[in-house]
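Just so it is clear, none of the values below were taken in a lab; they were calculated from the coordinates. This structure is a prediction, so every number in the text was calculated from the model and none was measured. Heads up, the Cβs are rebuilt from the backbone with ideal geometry, glycines too, and the neighbour counts pull from every protein chain shown.
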Amino acid sequence: MTMGLDTTRAEAFAGHALNIVNGGFLSLMFSLGHRTGLFDTLGRLPPSTSEAIAAEAVLNERYVREWLGAMVVGRVVEYDPEARTYSLPPEHAACLTRSAGPDNLAELAQFVGLLADVETPMVDVFRNGGGLEYSAFGRFHELMAEGSRTVLEATLLSRTLPLVPGLVERLENGIDAADIGCSRGVAITMMARHFPRSRFVGLDISNDAIAWARAEAERQGLSNVRFEVQDAATFGGPAAFDFITAFDRHSRSGGAAPRAPRHPRGTPARRHVSHGGHRGIECTRK
């Protein structure tokens, strides 16, 4: 039986779809505001003209003015037409500036541009099957490292590691630890710096990420951490670690939850934990 079109429902959905499209555009503006430091600049300044904002941020005024226009239309930034000044309300800055820490949604918005970069090759994948190389996602490791650093600086030492009874003391005394899927090594480098008596190994499938991690460890003068290009699915060898971690290896809703890390094919990482060691922590971000 053919049913007539519910015009009210159709109009409501069209409005919803338009909001999705508009939100996508604004997400790119959020990313630009984060990468150029404009949100941070607005968070520091009193109500200011576009010229003053551009000068403070050391950016081109014409493009700053266009960006500010998008932010005003998006009801993110407030504009005083008489004074020709722009301001970021503190309630908005609380989730759009670097000072917001893990609550900074502008940092997260960078992934919209990252995914947009692979839209065209993904069309080909839909038509012909196959997949995309890791390298196709250009800034992936950069963004993951930035996001991980923001979260881990606020939680790793004070909240996450203490979840395992006695772990912090053992790390202070000196144990062998590994981080599976370490990307640029933010977590493992942070632990190596804080626990100089322990020995750390970071494993990841990406050559570029491991090269970056090695360079950063060398820059920090860390001699108790090393990095290896290794596929976790084929990670072999004897039980050699007292503690294994896996941070942000996959995404799921519901917030962060610690648990024993597993390899992608279902083999528990616990086979590589020495007798008396900790099975570890797997933590995914909300």
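Legend: calculated FRET efficiency, L105 to E82, from the Cβ-Cβ distance at R0 = 45 Å, rounded to 0.05, equals 0.90. Using a ≥ b ≥ c from the Cα gyration tensor of region 1-78 (square roots of the eigenvalues), is it rounded, prolate or oblate, where a/c under 1.5 gives rounded and otherwise the larger of a/b and b/c decides, a/b for prolate? Note, shape of region 1-78 comes out prolate. Packing around the peptides 130-143, 103-116, taken as the average count of other Cβ atoms within 10 Å per residue, puts them in this order, highest first: 103-116, 130-143. Model label sites at N207 and R159, defined 7 Å from Cα along the beta-carbon direction, differ in position by 3.8 nm.
Full extension of the chain segment joining R149 with V72 gains 24.7 nm, where the gain is 0.36 nm per residue of separation less the Cα-Cα distance.
A Förster radius of 41 Å, combined with the Cβ-Cβ distance separating H194 from A55, puts the computed FRET efficiency at roughly 0.55. In region 118-237, Cα pairs under 8 Å separated by at least six residues give a relative contact order of 20 percent. The shape of region 90-168 comes out oblate: with a ≥ b ≥ c from the C-alpha gyration tensor, a/c is at least 1.5 while a/b does not beat b/c. Stretching the chain fully between V168 and Y63 yields a gain of 32.9 nm (0.36 nm per residue, less the alpha carbon separation).
Which of rounded, prolate, oblate describes region 1-150, given a ≥ b ≥ c as roots of the alpha-carbon gyration tensor eigenvalues and a/c under 1.5 marking rounded, otherwise prolate only if a/b is larger than b/c? Cα axes put region 1-150 in the oblate bin. For the listed peptides 187-197, 3-13, a ranking on the average number of other beta carbons within 10 Å per residue, highest first, reads 187-197, 3-13. Between D6 and T234, the contour length at 0.36 nm per residue exceeds the Cα-Cα span by 76.6 nm. Amide H to amide H distances under 5 Å link T49 with Y86, where only residues 5 or more positions off or on other chains count and H is placed in the peptide plane.
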